[in-house]
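Below: the structure, in structure tokens.
The values are calculated or read from the model by the stated rules, or taken from the named source; none is laboratory data. This structure is a prediction, so every number in the text was calculated from the model and none was measured. Positions of Cβ are generated from backbone atoms using ideal geometry, with glycine treated the same way; all protein chains shown enter the neighbour counts. For the accessible areas, the whole protein counts, side chains as well, though only heavy atoms, and no ligand, DNA or RNA atoms are used. Shrake-Rupley method; radii C 1.70, N 1.55, O 1.52, S 1.80 Å.
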Amino acid sequence: MTLPILPTTVVGSYSMPGWLERLKTEFYARRISRRDLDEIHDTAVKAAIKDQEIAGLDIISDGELRRDNMIDYFAERLPGVQIDHASKKFHYDFYDSKVLGKLPMAPLGLVEDVKFLRANTDRATKFCVTGPHSLAKRIRNEYYPSEQEFAMDIAHVMNPELKAIAKAGAQFIQIDEPNYSGFPEDLPWGVKALNALVEGVDAKIAVHICYGNRYGKPSWEGSYAYLLPGILDANVQQLTLEFARRGGEDLKLFRELPPRLELGIGVIDVKTQAVETPHLVAERIRKALEVIPAERLFILPDCGCLHLGRDVAFGKLCAMVEGTRMVRKELKG
Amino acid sequence: MILQLNHLQRKSAASTTQEVVDTLYSLLEEGQLEQEQFARLRVHLDWIQYRHNFRECVMAATAISEPHKQHSPLEMHIDTRQVTPGALRGEILRTMTSGETPAPAQERVLLEDFQSFRESIAWGFNRLYWHRLADWENFTGRGYEQALPGGKSDANHPVAVADCVGDFWTLIRDLDSRKQLPEEIFVLEIGVGMGTRSGLWLDRFRKLDEERGTKYYPRLKFLLGDYSLATLERSRPAVKNHLDLCSFIVLDALNPLKNLAFLRHKILHIHLTNVYDNLPDEEFTRRDGKLYAVQVRAYVPGPDAQRISEQLQMPAANIPRTVHRLLEGGPDYLNDRNRGLAFWQEVWKAMRLEERLVNLEDLPDVALPTGLHQEKLEEVLQGAPSDVRFHASSGALESFQNTVPLLHPRGFLQVQDIFVTNFNEYRLGFHGPGKLDGSIVNWVNGVLLREVGERAGYDVHFAPFHYRKGSRTSILYTTQRE
């Protein structure tokens with residue numbers, strides 16, 4: 001994977017079109033078939049990939065357009081998790097899901113998504129997976145003695161899947177753990193579960209930690225100070241954090257980040273429909289360069305673009321790429 | 001013909017009903033009403049709730065959805081309180097035969113063309129009222145709260161305020177225990193009126209904070225927001241003991257985010273009382289499976305125009321122009337402020353709204369309220385009575401959607417107002433618009449609010465205001481959903 005300096009990428013999701021939302025609802029109402037929905041998803045994912053390519057991103061995701069939300073896509077695939085399919089009104093809501101016994105080992109079927117992504121772009125790719133802490137916080141645990149034990153078992157069940165994903169060509173895997181910010185006291189065991197999840201996975205691993213993006217809104221507020229030093233125990237190569245909406249005040253916390261760790265910085269606020277200018281993006285990058293060298297800096301939106309209109313999401317990504325180019329030029333002198 | 005009878009007054013409308021039926025049959029037999037018109041007519045009796053409103057004794061709404069067919073009234077509304085013996089036949093005949101063409105000036109003086117109620121000149125009067133409230137009150141000799149049912153606002157009920165403060169304290173205590181309480185604790189009250197509720201809230205909060213020794217009070221930033229600077233000034237004395245932590249901000253309740261964008265996701269509690277019911281609105285109606293927008297045209301009835309003309313010594317034909325200048329420049333436009341106020345009050349009192357129904361399919365550019373898509377509206381209506389007329393509450397929906405982004409992720413929004421929380425309620429009576437002194441009052445469509453709120457990621461609940469027996473208000477309580 002040869003990348004330019006300050007590589008640009010998404011956090012995972014791309015704009016969810018209104019028509020796709022409605023078609024998903026049609027599927028739940030049994031008015032269109034699974035086969036039709038799969039075709040619709042394939043088409044939507046190809047369009048999302050194309051938009052990212054046109055915008056000029058260096059690392060492409062599948063836009064996560066097959067997913068209802070960051071929990072259910074995995075909860076439905078985790079063996080042993082029971083789902084009440086009547087428990088949600090909008091596709092984006094969470095199912096009422098629970099675990100009543102020990103999770104059995106079985107594949108989750110994510111490899112096909114990776115293969116589809118790889119088949120539809122020549123660029124470097126990234127695949128995102130919700131982490132065990134966030135899943136354990138949302139899936140009701142009625143079996144394990146503690147959340148920690150539940151999360152560890154999720155990690156053990158998902159670990160072979162991540163290895164298979166890497167084998168299928170995912171060069172870059174991002175683990176999403178936004179719930180760390182809501183439950184900072186869980187960080188020690190959350191990191192242990194994360195390490196169990198990625199153990200032996202042959203890919204570059206990032207962990208994305210934001211302050212939530214449910215319905216395009218934050219779920220918590222606070223400071224990233226809670227991450228340190230606990231997050232340094234994570235066996236990952238990159239931290240991907242939210243700075244655009246919250247301002248760059250917390251950047252200084254990462255001045256002493258060990259050289260083995262890269263920092264992915266959010267330079268696009270995904271909780272507003274206002275499109276940033278390339279100049280603003282460049283300014284945010286320059287601020288980050290004051291605390292971390294360019295060789296260890298990745299450029300991203302704060303979080304997924306799921307809740308942005310397609311034009312807005314595309315405009316923001318274009319601005320992000322253009323702002324990054326401006327800084328790259330400056331770095332070249 | 002479908003006859004819809006309600007029983008909203010103390011006395012039933014049985015005798016009027018008989019008279020209405022007899023009159024319509026006789027018009028049919030005399031050939032003044034066609035069989036087809038008769039068959040598709042829906043007549044509502046006894047549907048007026050507000051004593052002061054925009055309706056005549058009998059009014060009809062014509063559908064204009066079928067261009068090749070003669071326009072014929074689809075709905076007829078009869079206010080049994082206004083019916084005088086012997087006048088009903090004439091009134092019904094007048095409404096059944098009057099078309100869209102402007103009536104002769106001796107019958108009515110038109111103030112505008114047909115349009116959505118939201119765009120109607122009526123809201124210009126409403127705006128003027130709030131901007132020139134002091135002038136209005138001086139002229140009438142009574143404060144606006146006296147115009148409220150019961151003569152005072154439920155917003156200021158001390159137990160309700162204390163409960164709200166208690167909930168708020170619990171919230172910030174919880175955040176504090178998780179080390180997630182921001183240094184500055186923002187609270188926003190929109191539509192502060194005389195500031196009474198804000199004053200009560202702050203008094204109570206300080207007392208509770210002192211009792212529990214939590215030291216949150218000095219960290220409080222209390223924002224008083226109102227549409228009118230004059231109103232904000234009047235609220236100042238009510239919070240005089242807390243001025244150090246109060247800010248007074250002119251803002252439009254339709255879009256608080258515009259002025260307060262710097263507080264996005266930061267405000268822990270937002271409260272509004274009797275604001276939504278006074279925001280621009282429009283109505284829709286579903287008849288025979290079709291959805292219609294209700295368009296209105298404001299006018300002054302001929303006899304009232306004549307009276308105003310004589311009283312203020314101006315030609316009746318000049319009333320529309322004078323009204324527009326009044327709304328632009330206030331009562332001083334008429335040189336003598338008292339003369340301007342008299343004109344304002346007389347026109348407002350006399351003003352009525354004609355109605356017509358326009359099929360939504362014929363209005364490709366129809367703007368549904370922010371956040372409400374036609375598919376969603378149709379989905380909601382699946383659970384509603386087949387023929388129903390309802391408020392879109394577009395102003396309330398707009399306000400809601402432009403307010404909730406200010407909420408801290410754990411914050412809550414409380415709105416105390418008059419809500420319709422089930423479409424069936426629309427069959428039980430008239431829910432506005434009415435005239436409340438110089439302003440407009442309209443019930444708020446809580447069903448649509450709940451739908452739009454849920455889709456935007458908020459849980460929206462309604463609870464009756466149980467603090468005063470007989471209160472018609474409810475409390476909307478909103479938090480971010482997980």
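Some observations on this one:
- For segment A:19-34, filtering for residues that are without any contact (Cβ under 8 Å) to a residue 12 or more places away in the chain and closer than 19 Å to residue A:308 by Cβ leaves 2.
- Restricting attention to segment B:216-229, the residues being modelled with pLDDT under 95 and either in contact with a His (Cβ under 7 Å, 6 or more places away or on another chain) or in a loop (DSSP other than H, G, I, E, B) (or both) number 2.
- Residue count for segment B:310-324, restricted to those that are more than 27 Å from residue B:82 (Cα to Cα) and under 24 Å from the mean Cα position of the chain (by Cα): 1
- Flag for residue A:180 being at pLDDT below 95 and within 14 Å of chain B (Cβ to nearest Cβ): no
- Applying the condition of being open to solvent by 10 Å² or more (accessible area, probe 1.4 Å) and assigned to a loop (DSSP other than H, G, I, E, B) to segment A:232-242 and asking which residue is farthest from the other protein chains (Cβ to nearest Cβ) yields A:237.
- Matching entry among B:51, B:55, B:81 (being within 22 Å of residue B:16 (Cα to Cα), assigned to a loop (DSSP other than H, G, I, E, B), open to solvent by less than 10 Å² (accessible area, probe 1.4 Å) and modelled with pLDDT of 75 or more): B:55
- Residue within segment A:215-231 that is buried (at least 20 other Cβ atoms within 10 Å of the Cβ), in contact with an Asp or Glu (Cβ under 9 Å, 6 or more places away or on another chain) and within 12 Å of chain B (Cβ to nearest Cβ) present: yes
- Per-region count, segment B:140-174, residues among the polar types (S, T, N, Q), surrounded by 14 or more Cβ atoms within 10 Å (Cβ to Cβ) and assigned to a helix (DSSP H, G or I): 2
- For segment A:262-307, a residue qualifies if it is within 14 Å of chain B (Cβ to nearest Cβ), in contact (Cβ under 8 Å) with a residue 40 or more places away in the chain and aliphatic (A, V, I, L, M), and the qualifying residues are A:270, A:306.
- Residue count for segment A:69-86 satisfying the condition of being within 14 Å of chain B (Cβ to nearest Cβ) and open to solvent by 10 Å² or more (accessible area, probe 1.4 Å): 1.
- Neighbours by Cβ (under 7 Å, 6+ apart or cross-chain): first from segment B:252-276, under 26 Å from residue A:220 (Cβ atoms); second open to solvent by less than 40 Å² (accessible area, probe 1.4 Å) and among the aromatic types (Phe, Trp, Tyr): B:263/B:186; B:266/B:186; B:267/B:186; B:268/B:186; B:269/B:168; B:269/B:412
- Filtered residues of segment A:8-42 (kept if within 21 Å of the chain's Cα centre (by Cα), in a helix (DSSP H, G or I) and away from every other protein chain (no Cβ under 14 Å)): A:41, A:42
- Screening B:230, B:238 for residues that are in contact (Cβ under 8 Å) with a residue 60 or more places away in the chain and more than 14 Å from chain A (Cβ to nearest Cβ) leaves exactly one candidate, B:230.
- Scanning segment A:289-333 for residues that are assigned to a helix (DSSP H, G or I) and crowded, with 21+ Cβ neighbours inside 10 Å gives A:313, A:316, A:317, A:319, A:320, A:323, A:324, A:327.
- Selection of segment B:303-326 for residues being part of a helix (DSSP H, G or I) and open to solvent by 50 Å² or more (accessible area, probe 1.4 Å) yields B:303, B:306, B:307, B:310, B:311, B:317, B:321, B:324, B:325.
- Per the listing A:157, A:129, the residue uniquely outside any loop (DSSP other than H, G, I, E, B) and within 13 Å of the chain's Cα centre (by Cα) is A:129.
- Scan of segment B:180-207 for residues that are within 12 Å of chain A (Cβ to nearest Cβ) and buried (at least 19 other Cβ atoms within 10 Å of the Cβ), ordered by number: B:180, B:181, B:186
- Residue match in segment B:462-475 (condition: assigned to a strand (DSSP E or B), open to solvent by less than 10 Å² (accessible area, probe 1.4 Å) and at pLDDT 90 or above): no
- Scanning segment A:201-241 for residues that are of a type in the set (D, E, K, R) and in contact with a helix residue (DSSP H, G or I) (Cβ under 6 Å, 6 or more places away or on another chain) returns A:202, A:233.
- Answer residue from segment B:230-264, given it is among the basic types (Lys, Arg) and not in a loop (DSSP other than H, G, I, E, B) and is least open to solvent (accessible area, probe 1.4 Å) among those: B:234
- Qualifying residue in segment A:157-175 (condition: surrounded by 23 or more Cβ atoms within 10 Å (Cβ to Cβ) and within 14 Å of chain B (Cβ to nearest Cβ)): no
- Taking each residue of segment A:87-106 that is away from chain B (no Cβ under 12 Å) and looking for partners that are open to solvent by less than 30 Å² (accessible area, probe 1.4 Å) and of a type in the set (Asp, Glu) with beta-carbon atoms closer than 6 Å, six or more apart or interchain, yields A:95/A:72; A:103/A:153.
- Selection status of residue B:177, within 14 Å of chain A (Cβ to nearest Cβ), among the hydroxyl-bearing types (Ser, Thr, Tyr) and open to solvent by 10 Å² or more (accessible area, probe 1.4 Å): yes
- Condition broken by residue A:55, with the remaining ones in (1) over 18 Å from the mean Cα position of the chain (by Cα); (2) buried (at least 22 other Cβ atoms within 10 Å of the Cβ) satisfied: (2)
- Checking each residue in segment A:85-115 for being among the aromatic types (Phe, Trp, Tyr) and in contact with a helix residue (DSSP H, G or I) (Cβ under 7 Å, 6 or more places away or on another chain) picks out A:90, A:94, A:95.
- Scanning segment B:462-479 for residues that are within 14 Å of chain A (Cβ to nearest Cβ) and either within 19 Å of residue B:398 (Cβ to Cβ) or free of Cβ contacts under 8 Å to residues at least 24 places away in the same chain (or both) gives a single hit, B:478.
- Test: residue in segment A:195-204 that is open to solvent by less than 40 Å² (accessible area, probe 1.4 Å), within 14 Å of chain B (Cβ to nearest Cβ) and small (Gly, Ala, Ser): no
- Where a residue in segment A:234-256 is closer than 14 Å to residue A:172 by Cα and its partner, wherever it lies, is open to solvent by less than 20 Å² (accessible area, probe 1.4 Å) and assigned to a loop (DSSP other than H, G, I, E, B), with Cβ under 7 Å and at least six apart: A:237/A:261; A:238/A:261; A:239/A:261; A:240/A:11
- Filter result for residue A:257 (more than 14 Å from chain B (Cβ to nearest Cβ) and part of a loop (DSSP other than H, G, I, E, B)): yes
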